[in-house]
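Please read the structure below before turning to the comments.
The values are calculated or read from the model by the stated rules, or taken from the named source; none is laboratory data. In this text, all values refer to a predicted model and were calculated from it rather than measured experimentally. Positions of Cβ are backbone-derived with ideal geometry, glycine not excepted, and every protein chain shown enters the neighbour counts. Quick note on the areas: whole protein, heavy atoms, side chains included, nothing else; ligands and nucleic acids left out. Shrake-Rupley method; radii C 1.70, N 1.55, O 1.52, S 1.80 Å.
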Amino acid sequence: MSKTALTVFLCTHKDCNRAWDHVCDGSPGKWLKRQFEEAGLPYKLDVVKTDCMDRCKEAACLCLVHKDHARLLTDVRSKHDIGRLLAAAMDLVGVEWRVTERDS
Ligand code: FES
């Protein structure tokens, strides 16, 4: 089965970097990829580290992009937020296929 491409713009600037330290040990990008893999989601994550997204008080921040849809996620503060991130990714990808399904 082919994987669905999902781009993750991941803020690694100062405040988010501090928040990511509470979420995972090491690289947040690798952690995210591992979580998606362990959840069995057929997504291929392309993680792009970014500078500040101007939402520092809501760190850690990331933006999921799939085709022409995007979802900004903030307040990622612990590993327990992974459920919310996975649900947002599934919803984001679902938006695209629901629109396609309706159009056919
Ligand atoms: S440091 Fe991430 S939004 Fe500013």
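Kindly write out, for region 14-30 in residue order, the coupling ³J(HN,Hα) from the Karplus curve 6.51 cos²θ - 1.76 cosθ + 1.60 (θ = phi - 60°), rounded to whole Hz, with x marking Gly and Pro.
Working through the residues one at a time gives 3, 5, 5, 4, 5, 5, 4, 4, 7, 8, 8, 8, x, 6, x, x, 5 Hz.
What percent antiparallel are the DSSP beta bridges of region 4-103, to the nearest 5? Walk me through the intermediate numbers first.
Working: 9 of 17 bridges.
Rounded to the nearest five, the antiparallel share is 55 percent.
Given the convex hull of the Cα atoms of region 4-103, what is a quarter of its surface area in nm²? Mind dumping the intermediate values first?
Values: hull surface 24.4 nm².
That works out to 6.1 nm², a quarter of the Cα hull's surface.
So if I place +1 on the C-beta of Lys and Arg and -1 on the C-beta of Asp and Glu, and nothing else carries charge, what would the dipole magnitude of the chain be about its Cα centre? I want it in debye, nearest 20.
Numbers: 17 positive and 16 negative charges, 33 e Å.
So the dipole magnitude of the chain works out to roughly 160 debye.
Ignoring ligands, DNA and RNA, what percent of the 1.4 Å accessible area of region 4-103 is carbon and sulfur? Don't skip to the end; give the middle numbers.
Details: 2890 of 5840 Å².
Carbon and sulfur atoms account for 49 percent of the accessible area of region 4-103.
For a quick check: with amide H placed at 1.01 Å from N, whose amide H comes under 5 Å from Lys44's, ignoring anything fewer than 5 positions away on the same chain?
Thr4, Ala5, Leu6
What accessible area per residue comes out for the chain, rounded to a whole number of Å², with a 1.4 Å probe?
Working: 6400 Å² over 104 residues.
Spelled out: the 1.4 Å probe surface of the chain, per residue, equals 62 Å².
Leaving out same-chain residues fewer than 8 places away, which lysines sit with a Cα under 17 Å from that of Lys44?
Lys3, Lys30, Lys33, Lys67
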